[in-house]
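As C-alpha coordinates, the structure follows; a few thoughts come after it.
The values are calculated or read from the model by the stated rules, or taken from the named source; none is laboratory data. Here the structure is a predicted model, which is why all the values come from computation and not from measurement. Because the Cβ atoms are built from the backbone with ideal geometry, glycine has one as well, and the counts that use them run over all protein chains shown.
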Amino acid sequence: MMSHLLSIDSLSRDDIDHLMRVAAQMEPIAQRRKITRVLEGAVLGNLFFEASTRTRVSFHTAFSRLGGSVCDTTGFTFSSMAKGESIYDTSRVMAGYCDAIVMRHPDQGSVAEFASATQVPVINAGDGPGEHPSQALLDFYTIDKEFTRQGKSLNGAHVLMTGDLKFGRTVHSLIKLLSLYAPMRVTLVAPPGLEMPAHLIERVSRQGLDVQVRESLAGDFSDVDVVYTTRIQKERFTAEMSEGFNLSRDFTVHRAFMDSRCNPSTIIMHPLPRDSRPEANDLDVDLNGDPRLAIFRQTDNGIPVRMAIFATLLKVEDLIAKDLRDVPWFVPAKVGVDDAVF
Ligand code: ASP
(Lines give C-alpha, C1' and ligand atoms only; values in the text may rest on other atoms or scores of the structure.)
Protein backbone atom coordinates (compact mmCIF):
# COMPACT_ATOMS: atom_id res chain seq x y z
CA MET A 1 0.00 0.00 0.00
CA MET A 2 1.15 3.53 -0.81
CA SER A 3 2.79 5.91 1.68
CA HIS A 4 1.18 9.03 0.13
CA LEU A 5 -1.96 9.37 -1.99
CA LEU A 6 -0.90 11.62 -4.85
CA SER A 7 -2.33 10.00 -7.96
CA ILE A 8 -4.35 6.96 -8.96
CA ASP A 9 -1.07 5.86 -10.61
CA SER A 10 0.27 4.72 -7.23
CA LEU A 11 -2.69 2.39 -6.57
CA SER A 12 -3.14 -1.20 -7.67
CA ARG A 13 -6.53 -2.81 -8.01
CA ASP A 14 -5.84 -4.65 -4.73
CA ASP A 15 -5.14 -1.33 -2.98
CA ILE A 16 -8.43 0.08 -4.23
CA ASP A 17 -10.37 -3.05 -3.22
CA HIS A 18 -8.79 -2.76 0.23
CA LEU A 19 -9.79 0.92 0.56
CA MET A 20 -13.35 0.05 -0.55
CA ARG A 21 -13.58 -2.66 2.13
CA VAL A 22 -12.23 -0.36 4.84
CA ALA A 23 -14.64 2.40 3.71
CA ALA A 24 -17.58 -0.01 4.07
CA GLN A 25 -16.44 -0.72 7.65
CA MET A 26 -16.44 3.03 8.33
CA GLU A 27 -20.12 3.44 7.39
CA PRO A 28 -21.56 3.15 10.94
CA ILE A 29 -19.15 5.88 12.07
CA ALA A 30 -19.75 8.07 9.02
CA GLN A 31 -23.51 7.66 9.47
CA ARG A 32 -23.20 8.75 13.10
CA ARG A 33 -24.28 5.51 14.71
CA LYS A 34 -20.88 4.62 16.18
CA ILE A 35 -17.88 6.50 17.55
CA THR A 36 -14.21 5.53 17.34
CA ARG A 37 -11.18 7.25 18.95
CA VAL A 38 -8.59 5.27 17.03
CA LEU A 39 -6.71 8.42 15.92
CA GLU A 40 -6.94 10.15 19.29
CA GLY A 41 -3.84 12.35 19.68
CA ALA A 42 -3.12 12.50 15.95
CA VAL A 43 -3.11 15.86 14.13
CA LEU A 44 -4.01 16.53 10.49
CA GLY A 45 -2.69 19.52 8.55
CA ASN A 46 -5.43 20.50 6.09
CA LEU A 47 -3.82 22.93 3.62
CA PHE A 48 -6.06 24.44 0.96
CA PHE A 49 -4.52 26.98 -1.41
CA GLU A 50 -7.49 26.85 -3.77
CA ALA A 51 -11.27 27.15 -3.27
CA SER A 52 -13.00 24.18 -1.63
CA THR A 53 -16.05 23.42 0.47
CA ARG A 54 -16.69 19.69 0.44
CA THR A 55 -13.19 18.32 0.06
CA ARG A 56 -11.80 20.48 2.87
CA VAL A 57 -14.72 19.93 5.25
CA SER A 58 -15.02 16.22 4.51
CA PHE A 59 -11.31 15.55 5.09
CA HIS A 60 -11.60 17.54 8.32
CA THR A 61 -14.73 15.63 9.35
CA ALA A 62 -13.27 12.25 8.40
CA PHE A 63 -10.17 12.81 10.54
CA SER A 64 -12.27 14.13 13.44
CA ARG A 65 -14.61 11.14 13.30
CA LEU A 66 -11.56 8.91 13.68
CA GLY A 67 -10.76 10.79 16.89
CA GLY A 68 -7.99 13.05 15.56
CA SER A 69 -7.75 16.83 15.53
CA VAL A 70 -7.23 19.15 12.58
CA CYS A 71 -5.27 22.35 11.78
CA ASP A 72 -6.60 24.24 8.77
CA THR A 73 -4.97 26.78 6.46
CA THR A 74 -6.91 28.28 3.58
CA GLY A 75 -5.65 30.54 0.79
CA PHE A 76 -2.19 31.95 0.18
CA THR A 77 -2.92 35.28 1.88
CA PHE A 78 -2.67 33.95 5.42
CA SER A 79 0.13 31.43 4.80
CA SER A 80 3.88 31.98 4.58
CA MET A 81 3.77 31.08 0.88
CA ALA A 82 2.62 34.70 0.49
CA LYS A 83 6.07 35.64 1.91
CA GLY A 84 7.81 33.57 -0.75
CA GLU A 85 8.28 30.34 1.21
CA SER A 86 8.98 27.34 -1.02
CA ILE A 87 6.80 24.24 -1.18
CA TYR A 88 9.76 22.23 0.17
CA ASP A 89 10.18 24.41 3.28
CA THR A 90 6.43 24.50 3.97
CA SER A 91 6.30 20.72 3.69
CA ARG A 92 9.16 20.11 6.10
CA VAL A 93 7.70 22.55 8.63
CA MET A 94 4.21 21.04 8.47
CA ALA A 95 5.64 17.52 8.74
CA GLY A 96 7.13 18.51 12.09
CA TYR A 97 3.67 19.44 13.37
CA CYS A 98 1.26 16.96 11.80
CA ASP A 99 0.75 13.18 11.42
CA ALA A 100 -0.91 13.49 8.00
CA ILE A 101 -1.25 16.34 5.52
CA VAL A 102 -3.98 17.03 2.97
CA MET A 103 -3.10 19.62 0.37
CA ARG A 104 -4.85 21.38 -2.51
CA HIS A 105 -2.87 23.73 -4.72
CA PRO A 106 -3.53 25.39 -8.11
CA ASP A 107 -0.35 24.03 -9.78
CA GLN A 108 -0.24 20.57 -11.31
CA GLY A 109 2.54 18.51 -9.68
CA SER A 110 2.81 20.81 -6.64
CA VAL A 111 1.41 18.29 -4.16
CA ALA A 112 3.88 15.64 -5.36
CA GLU A 113 6.67 18.19 -4.88
CA PHE A 114 5.37 18.85 -1.37
CA ALA A 115 5.26 15.11 -0.61
CA SER A 116 8.83 14.60 -1.81
CA ALA A 117 10.08 16.58 1.23
CA THR A 118 8.42 14.43 3.90
CA GLN A 119 7.74 10.92 5.10
CA VAL A 120 4.51 12.02 6.77
CA PRO A 121 1.61 10.80 4.56
CA VAL A 122 0.42 13.45 2.10
CA ILE A 123 -2.91 13.32 0.27
CA ASN A 124 -3.46 15.23 -2.96
CA ALA A 125 -6.79 17.03 -2.61
CA GLY A 126 -6.48 18.47 -6.11
CA ASP A 127 -3.40 19.87 -7.90
CA GLY A 128 -4.68 22.31 -10.52
CA PRO A 129 -5.96 20.40 -13.56
CA GLY A 130 -3.91 17.35 -12.53
CA GLU A 131 -5.63 14.80 -10.30
CA HIS A 132 -8.04 14.43 -7.41
CA PRO A 133 -7.54 10.79 -6.36
CA SER A 134 -9.72 10.77 -3.22
CA GLN A 135 -12.64 12.06 -5.33
CA ALA A 136 -12.15 9.19 -7.81
CA LEU A 137 -12.12 6.71 -4.92
CA LEU A 138 -15.37 8.06 -3.51
CA ASP A 139 -16.86 8.15 -7.01
CA PHE A 140 -15.96 4.51 -7.50
CA TYR A 141 -17.29 3.63 -4.05
CA THR A 142 -20.55 5.36 -5.01
CA ILE A 143 -20.80 3.52 -8.34
CA ASP A 144 -20.16 0.20 -6.62
CA LYS A 145 -22.70 0.90 -3.88
CA GLU A 146 -25.39 2.07 -6.33
CA PHE A 147 -24.76 -0.95 -8.56
CA THR A 148 -25.03 -3.31 -5.58
CA ARG A 149 -28.39 -1.72 -4.67
CA GLN A 150 -29.57 -2.13 -8.28
CA GLY A 151 -28.26 -5.70 -8.59
CA LYS A 152 -25.94 -4.64 -11.45
CA SER A 153 -22.43 -5.86 -12.13
CA LEU A 154 -19.43 -3.57 -12.61
CA ASN A 155 -18.26 -5.92 -15.32
CA GLY A 156 -18.92 -4.13 -18.62
CA ALA A 157 -20.50 -1.08 -16.95
CA HIS A 158 -20.90 1.99 -19.15
CA VAL A 159 -20.02 5.47 -17.80
CA LEU A 160 -20.76 8.67 -19.72
CA MET A 161 -18.42 11.53 -18.72
CA THR A 162 -19.51 14.95 -19.84
CA GLY A 163 -18.53 18.59 -19.31
CA ASP A 164 -15.02 19.94 -18.91
CA LEU A 165 -12.86 16.87 -19.43
CA LYS A 166 -9.71 18.90 -20.12
CA PHE A 167 -9.40 20.76 -16.82
CA GLY A 168 -11.62 18.46 -14.73
CA ARG A 169 -9.12 16.68 -12.50
CA THR A 170 -11.80 14.39 -11.07
CA VAL A 171 -12.42 12.76 -14.44
CA HIS A 172 -8.67 12.40 -15.00
CA SER A 173 -8.39 10.37 -11.81
CA LEU A 174 -11.65 8.50 -12.37
CA ILE A 175 -10.87 7.32 -15.90
CA LYS A 176 -7.50 5.97 -14.69
CA LEU A 177 -9.24 4.18 -11.83
CA LEU A 178 -11.91 2.66 -14.09
CA SER A 179 -9.21 1.35 -16.43
CA LEU A 180 -8.04 -0.92 -13.58
CA TYR A 181 -11.50 -2.55 -13.65
CA ALA A 182 -11.69 -3.21 -17.40
CA PRO A 183 -13.77 -4.47 -19.17
CA MET A 184 -15.75 -1.28 -18.79
CA ARG A 185 -16.97 1.29 -21.27
CA VAL A 186 -16.52 5.04 -21.04
CA THR A 187 -18.12 7.53 -23.43
CA LEU A 188 -16.69 11.06 -23.43
CA VAL A 189 -18.70 14.13 -24.48
CA ALA A 190 -17.00 17.50 -24.07
CA PRO A 191 -17.43 20.97 -25.57
CA PRO A 192 -14.87 21.78 -28.29
CA GLY A 193 -11.53 22.69 -26.70
CA LEU A 194 -12.36 20.94 -23.42
CA GLU A 195 -11.80 17.33 -24.50
CA MET A 196 -10.11 14.68 -22.36
CA PRO A 197 -6.31 14.86 -22.92
CA ALA A 198 -5.31 12.43 -25.71
CA HIS A 199 -2.49 10.88 -23.65
CA LEU A 200 -5.02 9.79 -21.02
CA ILE A 201 -7.35 8.26 -23.62
CA GLU A 202 -4.42 6.36 -25.17
CA ARG A 203 -3.20 5.12 -21.84
CA VAL A 204 -6.54 3.86 -20.49
CA SER A 205 -7.42 2.30 -23.85
CA ARG A 206 -4.13 0.39 -23.73
CA GLN A 207 -5.20 -0.89 -20.32
CA GLY A 208 -8.36 -2.34 -21.84
CA LEU A 209 -10.93 0.39 -21.22
CA ASP A 210 -13.33 0.75 -24.15
CA VAL A 211 -13.36 4.54 -24.78
CA GLN A 212 -15.74 6.18 -27.26
CA VAL A 213 -15.78 9.92 -28.00
CA ARG A 214 -19.01 11.63 -29.07
CA GLU A 215 -19.47 15.26 -29.98
CA SER A 216 -22.74 16.03 -28.27
CA LEU A 217 -25.50 14.74 -26.03
CA ALA A 218 -27.76 14.16 -29.04
CA GLY A 219 -28.74 10.58 -29.86
CA ASP A 220 -29.28 7.49 -27.78
CA PHE A 221 -27.56 6.86 -24.42
CA SER A 222 -29.92 4.15 -23.21
CA ASP A 223 -27.13 1.69 -22.43
CA VAL A 224 -25.35 4.14 -20.10
CA ASP A 225 -25.32 3.13 -16.41
CA VAL A 226 -23.78 6.31 -14.99
CA VAL A 227 -23.94 9.88 -16.28
CA TYR A 228 -20.96 11.67 -14.69
CA THR A 229 -21.34 15.41 -15.27
CA THR A 230 -18.71 18.07 -14.53
CA ARG A 231 -18.53 21.84 -14.23
CA ILE A 232 -16.81 23.94 -16.88
CA GLN A 233 -13.67 25.14 -15.07
CA LYS A 234 -13.55 28.71 -16.36
CA GLU A 235 -11.07 29.67 -13.63
CA ARG A 236 -8.47 27.56 -15.46
CA PHE A 237 -9.04 29.13 -18.90
CA THR A 238 -6.35 31.30 -20.44
CA ALA A 239 -7.49 34.84 -21.36
CA GLU A 240 -7.64 33.73 -25.00
CA MET A 241 -9.86 30.74 -24.19
CA SER A 242 -12.23 32.86 -22.10
CA GLU A 243 -12.62 35.35 -24.92
CA GLY A 244 -13.35 32.81 -27.61
CA PHE A 245 -15.46 30.47 -25.48
CA ASN A 246 -18.96 30.10 -26.80
CA LEU A 247 -20.94 26.88 -26.65
CA SER A 248 -22.64 26.16 -29.94
CA ARG A 249 -24.39 23.07 -28.53
CA ASP A 250 -26.22 22.33 -25.31
CA PHE A 251 -24.23 20.25 -22.83
CA THR A 252 -26.75 20.53 -20.00
CA VAL A 253 -27.85 17.30 -18.34
CA HIS A 254 -31.49 17.87 -17.46
CA ARG A 255 -34.62 15.84 -16.81
CA ALA A 256 -35.65 15.79 -20.49
CA PHE A 257 -32.23 14.34 -21.45
CA MET A 258 -32.44 11.68 -18.75
CA ASP A 259 -36.05 10.76 -19.59
CA SER A 260 -35.68 10.63 -23.35
CA ARG A 261 -32.12 9.37 -23.92
CA CYS A 262 -31.15 7.29 -20.88
CA ASN A 263 -32.77 4.32 -19.14
CA PRO A 264 -34.71 4.54 -15.85
CA SER A 265 -31.91 2.97 -13.80
CA THR A 266 -29.18 5.36 -15.02
CA ILE A 267 -27.69 7.23 -12.08
CA ILE A 268 -26.41 10.80 -12.23
CA MET A 269 -23.19 11.84 -10.52
CA HIS A 270 -21.21 15.08 -10.29
CA PRO A 271 -18.12 15.89 -8.20
CA LEU A 272 -19.78 19.21 -7.31
CA PRO A 273 -20.00 22.15 -7.07
CA ARG A 274 -22.49 22.35 -9.92
CA ASP A 275 -22.86 25.74 -11.49
CA SER A 276 -26.58 26.39 -11.12
CA ARG A 277 -26.68 29.61 -13.14
CA PRO A 278 -28.97 29.19 -16.20
CA GLU A 279 -26.25 29.77 -18.82
CA ALA A 280 -23.79 27.37 -17.13
CA ASN A 281 -24.39 24.18 -19.19
CA ASP A 282 -24.05 22.14 -16.04
CA LEU A 283 -26.27 19.59 -14.32
CA ASP A 284 -29.77 21.11 -14.19
CA VAL A 285 -31.61 21.73 -10.94
CA ASP A 286 -34.80 20.30 -12.51
CA LEU A 287 -33.49 16.86 -11.45
CA ASN A 288 -33.51 17.80 -7.75
CA GLY A 289 -35.37 15.24 -5.66
CA ASP A 290 -35.15 12.65 -8.46
CA PRO A 291 -33.90 9.31 -7.03
CA ARG A 292 -31.60 8.88 -10.06
CA LEU A 293 -29.66 11.92 -8.81
CA ALA A 294 -26.91 10.36 -6.70
CA ILE A 295 -24.92 13.58 -6.08
CA PHE A 296 -25.66 13.86 -2.37
CA ARG A 297 -25.24 10.14 -1.77
CA GLN A 298 -21.90 10.69 -3.50
CA THR A 299 -20.91 13.59 -1.20
CA ASP A 300 -21.98 11.56 1.84
CA ASN A 301 -19.72 8.74 0.64
CA GLY A 302 -16.77 11.15 0.85
CA ILE A 303 -16.65 10.60 4.61
CA PRO A 304 -16.22 6.80 4.83
CA VAL A 305 -13.83 6.84 1.89
CA ARG A 306 -11.65 9.61 3.32
CA MET A 307 -11.72 7.87 6.71
CA ALA A 308 -10.51 4.71 4.96
CA ILE A 309 -7.68 6.64 3.31
CA PHE A 310 -6.51 8.03 6.66
CA ALA A 311 -6.91 4.72 8.50
CA THR A 312 -4.94 2.91 5.79
CA LEU A 313 -2.14 5.48 5.47
CA LEU A 314 -1.78 5.63 9.28
CA LYS A 315 -2.13 1.83 9.57
CA VAL A 316 -4.98 1.68 12.08
CA GLU A 317 -7.62 0.03 9.87
CA ASP A 318 -7.45 -3.25 11.83
CA LEU A 319 -8.13 -1.46 15.12
CA ILE A 320 -11.44 0.15 14.14
CA ALA A 321 -13.73 -2.80 14.87
CA LYS A 322 -12.34 -3.12 18.43
CA ASP A 323 -12.80 0.52 19.27
CA LEU A 324 -16.51 1.27 18.61
CA ARG A 325 -19.02 2.91 20.97
CA ASP A 326 -22.65 3.95 20.37
CA VAL A 327 -23.43 7.57 19.51
CA PRO A 328 -25.38 9.15 22.38
CA TRP A 329 -26.72 12.28 20.62
CA PHE A 330 -29.76 12.73 18.35
CA VAL A 331 -29.21 11.88 14.68
CA PRO A 332 -32.12 12.24 12.18
CA ALA A 333 -33.02 9.16 10.12
CA LYS A 334 -32.43 11.13 6.89
CA VAL A 335 -30.10 14.11 6.76
CA GLY A 336 -31.69 15.73 3.67
CA VAL A 337 -35.37 16.59 3.24
CA ASP A 338 -35.75 14.89 -0.14
CA ASP A 339 -33.24 12.04 0.20
CA ALA A 340 -34.41 8.90 -1.60
CA VAL A 341 -35.34 5.97 0.62
CA PHE A 342 -34.05 2.75 -0.88
N1 ASP B 1 -14.69 19.94 -6.60
C2 ASP B 1 -14.08 19.37 -7.77
C3 ASP B 1 -12.61 19.72 -7.81
O4 ASP B 1 -12.10 20.33 -6.90
C5 ASP B 1 -14.79 19.71 -9.04
C6 ASP B 1 -14.87 21.17 -9.42
O7 ASP B 1 -14.28 22.04 -8.82
O8 ASP B 1 -15.59 21.44 -10.39
O9 ASP B 1 -11.96 19.35 -8.76
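General observations
- Candidate set from region 19-47 (those that are of a type in the set (A, V, I, L, M), surrounded by 21 or more Cβ atoms within 10 Å (Cβ to Cβ) and part of a loop (DSSP other than H, G, I, E, B)); member that is nearest to the ligand (Cβ to nearest atom): Leu39
- Among (1) surrounded by fewer than 18 Cβ atoms within 10 Å (Cβ to Cβ); (2) within 16 Å of the ligand (Cβ to nearest atom); (3) within 20 Å of Lys152 (Cβ to Cβ), the one test that Ser222 misses: (2)
- Matching option when the condition is farther than 19 Å from Leu154 by Cα, away from the ligand (no atom under 16 Å from the Cβ) and modelled with pLDDT of 95 or more, among Ala256, Ala239: Ala256
- Flag if Ile143 is within 16 Å of the ligand (Cβ to nearest atom) and at pLDDT 95 or above: no
- Flag for Ser260 being out of contact with any His (no Cβ under 9 Å at 6 or more places or on another chain), of a type in the set (Ser, Thr, Tyr) and without any contact (Cβ under 8 Å) to a residue 24 or more places away in the chain: yes
- Selection status of Asp99, among the charged types (D, E, K, R) and surrounded by 14 or more Cβ atoms within 10 Å (Cβ to Cβ): yes
- Residue pairs whose Cβ atoms lie under 8 Å apart, separated by 6 or more positions or on different chains, with the first residue in region 34-53 and closer than 30 Å to Ala321 by Cβ and the second within 16 Å of the ligand (Cβ to nearest atom) and not hydrophobic (A, V, I, L, M, F, W, C), are Leu44/His60; Asn46/Arg56; Asn46/His60.
- Among the residues making up region 283-319, those that are among the polar types (S, T, N, Q) and in a helix (DSSP H, G or I) are Gln298, Thr299, Asn301, Thr312.
- Of the residues making up region 53-75, those that are within 11 Å of the ligand (Cβ to nearest atom) and surrounded by fewer than 19 Cβ atoms within 10 Å (Cβ to Cβ) are Thr53, Arg54.
- Pairs linking a residue in region 7-32 that is at negative phi to a residue that is buried (at least 21 other Cβ atoms within 10 Å of the Cβ) and of a type in the set (Phe, Trp, Tyr), with Cβ atoms under 6 Å and 6 or more positions apart or on different chains, are Met20/Tyr141; Ala23/Tyr141.
- Given (1) of a type in the set (A, V, I, L, M, F, W, C); (2) in contact with a strand residue (DSSP E or B) (Cβ under 9 Å, 6 or more places away or on another chain); (3) within 16 Å of the ligand (Cβ to nearest atom); (4) part of a loop (DSSP other than H, G, I, E, B), index of the condition Ile268 fails: (4)
- In this structure, Arg261 qualifies as within 23 Å of Val189 (Cβ to Cβ) and either away from the ligand (no atom under 16 Å from the Cβ) or small (Gly, Ala, Ser) (or both).
- Condition broken by Arg274, with the remaining ones in (1) assigned to a helix (DSSP H, G or I); (2) within 27 Å of Leu137 (Cα to Cα) satisfied: (1)
- Any chance Glu50 is charged (D, E, K, R), within 16 Å of the ligand (Cβ to nearest atom) and part of a loop (DSSP other than H, G, I, E, B): yes
- Region 49-75 - residue that is at pLDDT below 95 and touching a His at 6+ places or on another chain (Cβ under 9 Å) and, of those, nearest to Pro328 (Cα to Cα): Asp72
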